[in-house]
Amino acid sequence: MIITPNKFALLIEETVKTKRMSYMDAIILYCENNGVDPSNTKALINKTLKEKIAFEAQGLKRRKYLTRNE
């Protein structure tokens, strides 16, 4: 099955919402369920999904920094 970056983003977005998991976890879950090597998903990640992953990572980094400095 051929999947477009937009369709991939919609599938990941739906997984994030329904399973309440991070974007990276949703991508890994997709890869596990579909026998895809995670390193092969780069072409499937569109700009919007990339921005959401980056925003999520910044939040995690910020929380880690705040936790260490308390």
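The values are calculated or read from the model by the stated rules, or taken from the named source; none is laboratory data. Computed from a prediction, not measured in an experiment: that's the story for all the values here. Cβ sites come from the backbone with ideal geometry, for glycine too, and all protein chains shown count toward neighbours. Surface accessibility is based on the protein's heavy atoms, side chains included, excluding ligands, DNA and RNA. Shrake-Rupley method; radii C 1.70, N 1.55, O 1.52, S 1.80 Å.
Quick look at the values:
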{"quantity": "Any pair with Cβ under 7 angstrom, 6 or more apart, that starts in the range 37-58 at a residue that is under 13 Å from E13 (Cα atoms) and ends at one that is of a type in the set (A, V, I, L, M, F, W, C) and open to solvent by 40 Å² or more (accessible area, probe 1.4 Å)", "calculated": "I53/M24"}
{"quantity": "The range 29-42: number of residues that are of a type outside the set (S, T, N, Q) and either open to solvent by 70 Å² or more (accessible area, probe 1.4 Å) or in contact with a helix residue (DSSP H, G or I) (Cβ under 6 Å, 6 or more places away or on another chain) (or both)", "calculated": "6"}
{"quantity": "Checking R63 against (1) modelled with pLDDT of 95 or more; (2) assigned to a helix (DSSP H, G or I); (3) not β-branched (V, I, T), the condition it does not meet", "calculated": "(1)"}
{"quantity": "The range 1-14, residues that are among the aliphatic types (A, V, I, L, M), part of a loop (DSSP other than H, G, I, E, B) and either within 15 Å of I45 (Cβ to Cβ) or open to solvent by less than 90 Å² (accessible area, probe 1.4 Å) (or both)", "calculated": "I3"}
{"quantity": "Test for E51: is it on the phi < 0 side of the Ramachandran plot, touching a helix residue (DSSP H, G or I) at 6+ places or on another chain (Cβ under 9 Å) and open to solvent by 60 Å² or more (accessible area, probe 1.4 Å)", "calculated": "no"}
{"quantity": "Subset of the range 15-37 that is acidic (D, E) and assigned to a helix (DSSP H, G or I) - its residue that is farthest from the chain's Cα centre (by Cα)", "calculated": "E32"}
